[in-house]
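Notes to accompany the following structure.
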Amino acid sequence: MPKATSQKRLNRDHARQQQRPMVEEEVIAAQLEALVTPAITAQENYYRQLGMRDRILNLPFMVAAVLTLLWRDVASVREMTRMLGREGFLWCLPTQVTQQAISQRFLTFPAELFERVFKELLPEFRRRWLGRTKRTLPDSIQFASGKFERIWACDGSTLEAIFRKLNSLEDVPIGKIAGKMGVVIDLITRLPVSIWFRENPKASDVNFESDILNIITSKTLILLDRGFYHFQFWQQLVEQEAHFITRLKKGAALEIKQILTDTYSIRDRLVRMGSGTEKTPYITVRLVEIRSGKAWHSYLTSVIDPLVLPPYVVADLYGKRWRIEEAFNTVKRLLGLSYLWTGSINGIQLQLWGTWLFYAVLVDLGDAIANELALPFDRISLEMTYRGLYHFYVAHQKGLATDPVLYFAAKENQDLGVVKTVRKPNVKLIIAPFPDSANRHINFFFERSPQVHLTTASQA
């Protein structure tokens, strides 16, 4: 018999080290400076309130340092110190600073300043998004955006297995679990809405429910995974005139109150769930079930009226919740948030806010490319855009490119893989509120259709 071998369970986020651009492009650097500087300036008064002195290692320097660590994949504080002394980085001119001073600053610089810079930038990113009117939206997002002002997805993700990226921080213990982040993503703009951090890595997603309730407003539709499967929380959302879509848990008890549609491929019903207690109050929701092959996919939504959210729209919207998983993959695997710089909570939060800021910049660039090509954002690969910055750098140095958006959109540069290949036939979402048996032979919830040019929500 062959020998049994034990396999160490690997964190998927640590499965492979990604190749990074590792160059600084002056055009991108100038655009970053123009974008970030007003947000940094807005924090000057608060910076002084914290008793921070105007020194070399101030807020502009720390933002530049963190973005440089992310962008150029700097291996150590020693290398960053050498880089700063010889060439500077981003908007920081060459400056002589000790390695020890930079190391200490990473451990003690208030992370809340980074959080404030990040939040200051979000309205600017949305303003830029609203100014682009040529790229298209997915059918379900476009339909729902006519009914709701905001369409969000939320989830939690653990930051684990500390790796000392900054080699000079040798006294910091490794092998710890670092905490947990809760994130809300706007599915219309694909930009982060809010981010929270908990030191306890085993914290349940339930711990983020109060944070969600604090930011959610009326006319918001939020997509929830089953970590937020709590009737009391659902009721609170409805009381704030917000709505949700989630998946039905296997074996859930429910009482059918009304049948809206019952065909070969779809079951749409009003059901009552809960036990009437304070913890599990009664709540009436729609149970939408869609047949795919031999399997049924079951969704719950607080939107009772099929005219507001037709059943196939409910199913397709929930499928878009995967966009937040893509965001986690981008920040953790591509931008290195799985390889934490330090074991200090403050240092982790510096990296957390800096990484999500960089992610928002990358989304903004991807959206600009999509708009230039009049394509849905889904057709743009953020990973290949990020890796393509090196090729833009080379082209710019040769005098062959001046604008990264135009460079990535150019026909001759499509070999960079920034635009994803279409693998599925063009389809149109069925938006009938009460689909009948005539549709029983369609594939899942899509049917083939000619190309339909959609408008953005800002145009509707």
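Every number here is computed from the coordinates shown, using simple stated rules; none is lab data. Keep in mind it's a predicted model, so treat the numbers as computed, not measured. Here the Cβ positions follow ideal geometry from the backbone for every residue, glycine too, while neighbour counts run over all protein chains shown.
Determine which lysines satisfy two conditions relative to LYS279: a Cα distance under 30 Å, and not lying fewer than 8 residues away in the same chain. Within the straight-line cut-off, LYS279 pairs with LYS180, LYS202, LYS219, LYS249, LYS250, LYS257, LYS320. The alpha-carbon of LYS147 sits under 16 angstrom from the alpha-carbons of these aspartates and glutamates, leaving out residues fewer than 8 places away in its chain: ASP139, ASP186, GLU241, ASP305, ASP316. Per-residue packing, averaged as other Cβ atoms within 10 Å, sorts the ranges 241-251, 346-356 into the order 346-356, 241-251, beginning with the highest. A protection proxy built from the mean count of other Cβ atoms within 10 Å ranks the segments 182-190, 278-286, most packed first, as 182-190, 278-286. As a ratio to 2.2 N^0.38 Å, the alpha-carbon radius of gyration computed for the range 264-335 takes the value 1.42.
Length gain on complete extension for the stretch HIS297 to LYS147, per 0.36 nm per residue less the alpha carbon to alpha carbon distance?
Details: separation 150, 0.36 × 150 = 54.00 nm, distance 2.38 nm.
Between HIS297 and LYS147, full extension yields 51.6 nm more.
Could you calculate the FRET efficiency of LEU406 with ILE215 from 1/(1 + (r/R0)^6), where r is the beta carbon distance between them and R0 is 41 Å, rounded to 0.05? After rounding to 0.05, the efficiency reads 0.65.
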